[in-house]
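Student: Right, I'll just put the structure down here and ask away after.
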Amino acid sequence: MNIFRLAGDMTHLLSILVLLLKIYATKSCSGVSRKTQELYAIVFLARYLDLFTDFISVYNTFMKIVFIASSLAIVWCIRVHPMVKRSYDKDLDTFRHYLLVAASFLLALFLHEKFTFLEIFWAFSIYLEAVAILPQLVLLQRSGNVDNLTGQYVFFLGAYRGLYILNWIYRYLTEPRFTRWIACVSGVVQTALYADFFYYYFISWKNNSKLKLPA
Amino acid sequence: VKDQVAKDEL
């Protein structure tokens, strides 16, 4: 494991901790897209089916369990916790996320590394992760103002994707047999989705002002 | 030989 991959995993973990902290400290999920969180829960459940078949390392297994548990915990908070549930604004969170699930699954049926149950669900999870942030970005854009913790959550998620690209470049240069088209192309698409957000994030950071996205 | 497409990333 190289430093980019480790830093990527850590920012990913940090993003989830920031989100949990926001929900826990404010007992509110305002500005958070439940649909994006549900998509991430599906992503982790579909991708880590190999928990039962392949063992890579204690680190991998531990992180997989953390990602599954935390994503389910976040969805549970938004759907079930009485105080958090009240702050959920479903009129802002209208993205038709089931379309993303259907399209990703269809794509996985055609584009995969092997036609096996695990490989199709793995490819599906990669495609779905690439677009899972869309409901969140649309929600932020619609509400205009972004609170600090939600902004940091999206920032760390984007940083995680950027670091994974550096990790692939590093692996491509150092590992002779490193080719991974599905993950890398999807990863670049996913990172590109954050470009707009990052632009406004850096402007607000430079001006030391509150993050605002144009309508 | 280790599978070339081993899923060692998260």
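Student: Taking the condition of being within 22 Å of residue A:132 (Cβ to Cβ) and in contact (Cβ under 8 Å) with a residue 12 or more places away in the chain, how many residues in the range A:53-80 meet it?
Tutor: 15
Student: Name the residues in the range A:192-211 that are part of a loop (DSSP other than H, G, I, E, B) and in contact (Cβ under 8 Å) with a residue 60 or more places away in the chain, would you?
Tutor: Across the range A:192-211, the qualifying residues are A:194, A:210, A:211.
Student: Could you identify the single residue in A:72, A:137, A:118, A:109 that is within 30 Å of residue A:214 (Cβ to Cβ) and not β-branched (Val, Ile, Thr)?
Tutor: Only one candidate qualifies: A:137.
Student: Let me ask another. Scan the range A:76-95 and tell me whether some residue there is basic (Lys, Arg) and not in a helix (DSSP H, G or I).
Tutor: Yes: one or more hits.
Student: Something else about it: If the requirement is being away from chain B (no Cβ under 14 Å), more than 19 Å from residue A:31 (Cβ to Cβ) and part of a helix (DSSP H, G or I), which of these qualifies: A:189, A:154?
Tutor: The conditions single out A:189.
Per-residue answers, yes or no, for (1) closer than 21 Å to residue A:135 by Cα; (2) within 14 Å of chain B (Cβ to nearest Cβ):
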{"position": "A:6", "(1), (2)": "no, yes"}
{"position": "A:17", "(1), (2)": "yes, no"}
{"position": "A:22", "(1), (2)": "yes, no"}
{"position": "A:34", "(1), (2)": "yes, no"}
{"position": "A:40", "(1), (2)": "yes, yes"}
{"position": "A:47", "(1), (2)": "yes, yes"}
{"position": "A:50", "(1), (2)": "no, yes"}
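Student: Examine the range A:81-94 for a residue that is at pLDDT 95 or above, closer than 22 Å to residue A:137 by Cβ and within 17 Å of the chain's Cα centre (by Cα), and state whether such a residue exists.
Tutor: Scanning the range A:81-94 turns up at least one residue that is at pLDDT 95 or above, closer than 22 Å to residue A:137 by Cβ and within 17 Å of the chain's Cα centre (by Cα).
Student: Considering the range A:166-186 alone, what residues qualify as being under 15 Å from residue A:130 (Cα atoms), more than 10 Å from chain B (Cβ to nearest Cβ) and in contact with a helix residue (DSSP H, G or I) (Cβ under 6 Å, 6 or more places away or on another chain)?
Tutor: A:184, A:186
Student: Scan the range A:69-85 and tell me whether some residue there is farther than 29 Å from residue A:144 by Cα, among the charged types (D, E, K, R) and touching a helix residue (DSSP H, G or I) at 6+ places or on another chain (Cβ under 9 Å).
Tutor: No, every residue in the range A:69-85 fails to be farther than 29 Å from residue A:144 by Cα, among the charged types (D, E, K, R) and touching a helix residue (DSSP H, G or I) at 6+ places or on another chain (Cβ under 9 Å).
Student: Can you tell me which residue is surrounded by the fewest Cβ atoms within 10 Å (Cβ to Cβ) among those in the range A:54-83 that are more than 10 Å from every other protein chain (Cβ to nearest Cβ) and of a type in the set (Ser, Thr, Tyr)?
Tutor: A:61
Student: Pairs under 6 Å by beta carbon, first residue within 11 Å of chain B (Cβ to nearest Cβ) in the range A:110-122, partner part of a loop (DSSP other than H, G, I, E, B), six or more apart or different chains?
Tutor: As it stands, the answer is A:113/B:5; A:119/A:112; A:119/A:113, since those pairs meet every condition given.
Student: While we're looking at this one, here's another question. Do we have residue A:130 as aliphatic (A, V, I, L, M), in contact with a Gly (Cβ under 9 Å, 6 or more places away or on another chain) and away from chain B (no Cβ under 14 Å) here?
Tutor: Yes, satisfied.
The values are calculated or read from the model by the stated rules, or taken from the named source; none is laboratory data. Keep in mind it's a predicted model, so treat the numbers as computed, not measured. Note: ideal-geometry Cβ built from the backbone for every residue, glycine included; neighbour counts use all protein chains shown.
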